[in-house]
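All of the numbers you see were taken from the coordinates with simple rules; none came from a lab. Just so we're clear, the structure is a prediction, and the values are computed from it rather than from any experiment. Heads up, the Cβs are rebuilt from the backbone with ideal geometry, glycines too, and the neighbour counts pull from every protein chain shown.
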Amino acid sequence: MRYEADVTIELKSGMLDPEGTTIKRALEHLGYSPESVKTSKKYTITLESENIHDARENVEQMCEKLIANPIIHNYTITLREL
């Protein structure tokens with residue numbers, strides 16, 4: 001079966017987010033008052049797998065081995081059958 005996984009990577013609490021800080025500052029210069037701005041990345045991965053459990057395991061391994069740095073990132077995975 002084919003599955004599509006959305007993987008969202010975010011910085012862990014307490015990690016510096018210079019891009020978010022820069023965007024927040026720029027928004028303030030434009031007259032907005034955001035309380036905070038945090039950045040994240042989203043990856044969409046299409047894969048073949050026998051079942052949704054195996055698909056999730058494969059995507060977890062992808063995140064742990066390459067996509068996310070477990071020291072500084074948290075990630076969430078949303079899977080759907082295609």
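Among the trypsin sites (Lys or Arg not before Pro) in the chain, those placed in a DSSP loop whose Cβ has at most 11 other Cβ atoms within 10 Å are Lys12. Convex hull of alpha carbon positions in the chain: directionally averaged projected area 6.5 nm².
Any chance you could give the angle, 0 to 90 degrees and rounded to 10, that helix 18-29 forms with the longest Cα principal axis of the chain? Orientation of helix 18-29: about 40 degrees from the principal axis. Helix content alone sets the calculated 222 nm mean residue ellipticity of the chain: runs of n ≥ 4 DSSP H residues at -39500 (n - 2.57) each, divided across all residues, give -8500 deg cm²/dmol. Cβ crowding within 10 Å ranks Val37, Val59, Val7 as Val37, Val7, Val59, fewest other Cβ atoms first. Once the Cα atoms are used to define both axes, helix 52-62 deviates from the longest principal axis of the chain by about 50 degrees. Cross-link reach is defined here as a Cα-Cα straight distance under 17 Å, omitting same-chain residues fewer than 8 places apart; for Lys65 the lysines meeting it are Lys41, Lys42.
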